[in-house]
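Written out below as structure tokens is the structure these notes cover.
The values are calculated or read from the model by the stated rules, or taken from the named source; none is laboratory data. Predicted model only: the values in this text are computed from it and were never measured. Cβ placement follows ideal geometry from the backbone for every residue including glycine, while neighbour counts extend to all protein chains displayed. The protein model used for the area step is the full one, side chains on, heavy atoms only, and it has no ligands, DNA or RNA in it. Shrake-Rupley method; radii C 1.70, N 1.55, O 1.52, S 1.80 Å.
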Amino acid sequence: RLLREYVADRQAMAEQKGLTLSLELTPDLPSTWAESRLVGQVLSILLTNALNYTPSGGHVTISTLQRADGEKQWVGFQVQDTGTGITPADQAHLFERFFRGSVGQKSGAPGTGLGLAIAKEIMSQHNGCIEVQSSGVAGEGASFTVLLPVIERNEIV
């Protein structure tokens, strides 16, 4: 529900920038606990960044996913774009307060360098995590993955 709302809200912005914004939902995902307002803030930060750093003609895709890590089960979403990408050097500092990567500084895109630090803190409060993957090559973009722990049937919420 949350992903659908944000994609619908940002569709006009994407079209205005000449971007394709799509949503790919995995059916029958297990349950997780999350404060929707806060996780929505994480999604908003990632989606806004993807739209700001993807040039016209590019694509932004939001998808849901499930992952197993040993005995730990995770559920979450991923925001992928075909934008400018993030250099490996910048990735090392991406979640630090007030850090703006080299592309952000050169692009003139608005920002304070707080968004990703806030997103990381929100995920930490949810016992979840946020990950980034990018080759740093323009046009190959970046992918941010947000993971929340799956609620086991015997857990009381």
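Assess whether E15 counts as being on the phi < 0 side of the Ramachandran plot, loosely packed, with under 12 Cβ neighbours inside 10 Å and out of contact with any helix residue (DSSP H, G or I) (no Cβ under 7 Å at 6 or more places or on another chain).
In short, yes.
Please enumerate the residues belonging to the stretch 10-66 that are within 20 Å of S134 (Cα to Cα), of a type in the set (G, A, S), in contact with a strand residue (DSSP E or B) (Cβ under 8 Å, 6 or more places away or on another chain) and assigned to a helix (DSSP H, G or I).
Across the stretch 10-66, the qualifying residue is only A50.
With E121, E155, E71 as the choices, which residue is of a type in the set (D, E, K, R), open to solvent by 50 Å² or more (accessible area, probe 1.4 Å), on the phi < 0 side of the Ramachandran plot and at pLDDT 95 or above?
E121
Output the number of residues of the stretch 37-55 satisfying the condition of being of a type in the set (S, T, N, Q) and at pLDDT below 95.
Of the residues in that region, 4 qualify.
What about S56, is it among the small types (G, A, S), closer than 18 Å to K120 by Cβ and surrounded by fewer than 20 Cβ atoms within 10 Å (Cβ to Cβ)?
Here the answer is no, as S56 does not meet what is asked.
Is it the case that G113 is more than 18 Å from C129 (Cβ to Cβ), buried (at least 19 other Cβ atoms within 10 Å of the Cβ) and of a type outside the set (D, E)?
no
Among the residues in the stretch 108-116, are any more than 15 Å from G141 (Cα to Cα), touching an Asp or Glu at 6+ places or on another chain (Cβ under 6 Å) and at pLDDT 90 or above?
Taking every residue of the stretch 108-116 in turn, none turns out to be more than 15 Å from G141 (Cα to Cα), touching an Asp or Glu at 6+ places or on another chain (Cβ under 6 Å) and at pLDDT 90 or above.
Do we find that T61 is under 16 Å from the mean Cα position of the chain (by Cα) and farther than 30 Å from V150 by Cβ in this structure?
Criteria not met by T61.
Name the residue, out of L23, L3, L38, that is touching a Lys or Arg at 6+ places or on another chain (Cβ under 8 Å) and surrounded by 15 or more Cβ atoms within 10 Å (Cβ to Cβ).
Just a single option satisfies the conditions, and that option is L23.
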